[in-house]
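K.L.:
Here's a structure for you.
The values are calculated or read from the model by the stated rules, or taken from the named source; none is laboratory data. Just so you know, these numbers come straight off a predicted model, no measurement behind them. Neighbour counts run over all protein chains shown; Cβ positions are idealised from the backbone, glycine included. SASA here: full protein model, heavy atoms, side chains in, ligands and nucleic acids out. Shrake-Rupley method; radii C 1.70, N 1.55, O 1.52, S 1.80 Å.
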Amino acid sequence: MPPAPTSAPDTKTGKHTSPRNHTKSARHGTHRRAHKDTPADETTTALALAARHGDTGAVEQLVRALHRDVLRYVAHLCADPQAVDDLAQDTFLRALGSLHRFEGRCSARAWLLSIARRAVMDSYRYAATRPRLADLPDWRPVVELAQPRGLPGFDDGIVLRELLQALPADRREAFVLTQLLGLPYEEAARVSDCPVGTVRSRVARARAALAEQITP
């Protein structure tokens, strides 16, 4: 029996490459991730990569898959509830315009949420340059009081939002990204543009503050 080959021919060059080199190439490929993605993140990242190469069906699936996460994240960052839908739409428009630069180095969800964060920050900068027309009353409590109270999870959702709004913005963002949206700490750090240790610290302080608020 002939000995097993110690190298395999490269399909493009025809040259033989050591299996050890193949392993090294795989480790240093496009997808350099320190953590394992969830199946949902793997799916949406694959959709984003397919959309990058012109798959229009993948674009539609990507938007449907991540639309809710973008809305929730923007809603917790944005002070104006009437602007949430517009900011979410702006996020996806920006993402579609920069799909050609997405290489899968992070999950598509983390990439999209980082774009959403920039969209919100840009809206704050734009609002700061505009004169305030009037001090209008906040209509949200009126709308919430008019909603049916018997729906499962309705009251819990309202209470959680009020508790989160009492947190400092940076702790609220870290808590929402990791505890509500389920983003790994490494990718939450990428979205927030800060070290992983900072995210962990913010989440720990947010948890402690929330526990203190709900303790009778």
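K.L.:
Count, please, the residues in the stretch 166-197 that happen to be in a helix (DSSP H, G or I) and either under 17 Å from the mean Cα position of the chain (by Cα) or closer than 21 Å to VAL70 by Cβ (or both).
P.N.:
Within the stretch 166-197, residues that are in a helix (DSSP H, G or I) and either under 17 Å from the mean Cα position of the chain (by Cα) or closer than 21 Å to VAL70 by Cβ (or both) number 21.
K.L.:
Please verify whether LEU163 is at pLDDT 90 or above and part of a helix (DSSP H, G or I), treating the condition exactly as stated.
P.N.:
Considered against the rule, which asks whether it is at pLDDT 90 or above and part of a helix (DSSP H, G or I), LEU163 comes out as no.
K.L.:
Being open to solvent by less than 50 Å² (accessible area, probe 1.4 Å) and out of contact with any His (no Cβ under 6 Å at 6 or more places or on another chain) is the filter; apply it to the stretch 183-196 and report the residue that is farthest from ASP41 (Cα to Cα).
P.N.:
CYS194
K.L.:
Further, regarding this structure: Go through the stretch 50-79 and give me each residue that's surrounded by 12 or more Cβ atoms within 10 Å (Cβ to Cβ) and in a loop (DSSP other than H, G, I, E, B).
P.N.:
Scanning the stretch 50-79 gives ASP55, CYS78.
K.L.:
In the set ALA128, ALA108, ALA146, which member is small (Gly, Ala, Ser) and at pLDDT 80 or above?
P.N.:
ALA108
K.L.:
Would you mind stating whether ARG94 is assigned to a helix (DSSP H, G or I), out of contact with any Pro (no Cβ under 7 Å at 6 or more places or on another chain) and more than 14 Å from ASP41 (Cα to Cα)?
P.N.:
Spelling it out, ARG94 is indeed assigned to a helix (DSSP H, G or I), out of contact with any Pro (no Cβ under 7 Å at 6 or more places or on another chain) and more than 14 Å from ASP41 (Cα to Cα).
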